[in-house]
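The values are calculated or read from the model by the stated rules, or taken from the named source; none is laboratory data. Since we're looking at a predicted model, the values are computed, not measured. Note: ideal-geometry Cβ built from the backbone for every residue, glycine included; neighbour counts use all protein chains shown. Note: areas computed on protein heavy atoms with side chains; ligands, DNA, RNA excluded. Shrake-Rupley method; radii C 1.70, N 1.55, O 1.52, S 1.80 Å.
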Amino acid sequence: MSGAATTTNKEVVIPEFKQILGHPAPLWMLFMTEFWERFAFYGIRWALVLYIVAQFYGGAAVGQQDANLTYGSYLALVYAGAVFGGYVADRVIGYQRSILIGAVFMAAGLFAITIPDPDIFKLGLATIIVGNGMFKPNISTMVGKLYTLNDTRRDSGFTIFYMGINAGAFVAPILTQILAQKIFNTGDTPAYKVVFFAAGVGMLISLVWFYIGRSTLKGIGAPVEGGESRTRAVMVAIGAAAVIPLVYFLLALGAATLQIILTIMFVVLALIAARVGGRLGRRALFGIDVTAGVGLLGFAGLLGVRTIQDA
């Protein structure tokens, strides 16, 4: 039931896809890609604070505060990174290439945090943050592009896709905990490094799955017009790598300072969106309604600040 959809600005043609269980076949490829990415992301979350205390503080209670603040800062920056990653994909290199670059960075970061050095650990977290920003917002966007706006299956397609998110998030902590506490545990402390390594393997599966399956997308999420050159993707990858030290610096600043920075950043972004919205009326900004965009930016900022406060 794919076809052509006409918007108020231009005609958007959606390719004819093979249908599986009543939905475009690429939906199921994106489902499994996201499953493994969420497996990697949620697989490490239960172990991060425990690992920091056990590895860098010898299990002493004095390390709990630093571990909690590091964890909160990490999640806050994950939320913030998605805003910029979405813009880069939408305006510079397209969704497919952004997802591939993000997956590479996430896998590299996950394997890096297995190294028992506090600086390398935070550098690994910074790499994961940058990769997640390039990956997470863009794969969800591609799901919507498989359907016309008036396709009655669109909502159910997103429901199926989010089932992949939930399944990956459900399986990951159970499996990684079994690996750390039952299979590879040789003492009183779980083998946290195995958790991170397993998550890295899951991210590699996600990367390979999408790399092989992206041909089924038939151009959905391809580079923007004029951005087909691979040089542009290489430059974005280099730019993303250059951002990692900045993210590392933000992690090292501490949660209190980071909370102030994130609050200012999202207030500025919301004001910019509101100003542009005043010129455009209710026309789309970055692909979504201006009013909704302001709300989303504010919500993302509050999530980041709240995450730090709760840590």
Inspect all residues belonging to the stretch 53-68 and state whether any of them is closer than 20 Å to residue 108 by Cα, modelled with pLDDT of 90 or more and out of contact with any Cys (no Cβ under 8 Å at 6 or more places or on another chain). no
Filter the stretch 119-148 for residues that are within 21 Å of residue 76 (Cβ to Cβ) and among the small types (Gly, Ala, Ser); the one that is modelled with the lowest pLDDT is 140
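So that you can scan it fast, the table gives a plain yes or no per residue for (1) within 30 Å of residue 21 (Cα to Cα); (2) out of contact with any Gly (no Cβ under 8 Å at 6 or more places or on another chain); (3) surrounded by fewer than 22 Cβ atoms within 10 Å (Cβ to Cβ):
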| position | (1), (2), (3) |
| --- | --- |
| 68 | no, yes, yes |
| 85 | no, no, no |
| 105 | no, no, no |
| 135 | yes, no, no |
| 138 | yes, no, no |
| 149 | yes, yes, yes |
Of (1) under 19 Å from residue 112 (Cβ atoms); (2) open to solvent by 40 Å² or more (accessible area, probe 1.4 Å), residue 62 satisfies every one except (1)
Taking the stretch 28-39 and keeping only residues that are closer than 19 Å to residue 129 by Cβ and more than 11 Å from the chain's Cα centre (by Cα), one is left with 36, 39
If I filter the stretch 38-61 for residues that are free of Cβ contacts under 8 Å to residues at least 60 places away in the same chain and of a type in the set (S, T, N, Q), do I get at least one hit? no
From the option list 224, 208, single residue qualifying as modelled with pLDDT of 95 or more, open to solvent by 10 Å² or more (accessible area, probe 1.4 Å) and out of contact with any helix residue (DSSP H, G or I) (no Cβ under 6 Å at 6 or more places or on another chain) is 208
Here the residues within the stretch 146-155 that are of a type in the set (D, E, K, R) and either assigned to a helix (DSSP H, G or I) or in contact with a strand residue (DSSP E or B) (Cβ under 7 Å, 6 or more places away or on another chain) (or both) are 153, 154, 155
Counted residues in the stretch 142-179 being touching a residue at least 60 places away in the same chain (Cβ under 8 Å) and either under 21 Å from residue 81 (Cβ atoms) or not polar (S, T, N, Q) (or both) come to 21
When the stretch 81-118 is checked residue by residue, the ones that are more than 22 Å from residue 31 (Cβ to Cβ), at pLDDT below 95 and touching a Leu at 6+ places or on another chain (Cβ under 8 Å) are 83
Restricted to the stretch 42-51 and to residues being assigned to a helix (DSSP H, G or I) and open to solvent by less than 10 Å² (accessible area, probe 1.4 Å), the residue nearest to residue 209 (Cα to Cα) is 43
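Here is a yes/no grid of residues against (1) surrounded by 14 or more Cβ atoms within 10 Å (Cβ to Cβ); (2) part of a helix (DSSP H, G or I):
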position: 157; (1), (2): yes, yes
position: 165; (1), (2): yes, yes
position: 168; (1), (2): yes, yes
position: 171; (1), (2): yes, yes
position: 174; (1), (2): no, yes
position: 186; (1), (2): no, no
position: 193; (1), (2): yes, yes
position: 196; (1), (2): yes, yes
Among residues of the stretch 237-277 being modelled with pLDDT of 85 or more and more than 24 Å from residue 67 (Cβ to Cβ), the residue most open to solvent (accessible area, probe 1.4 Å) is 238
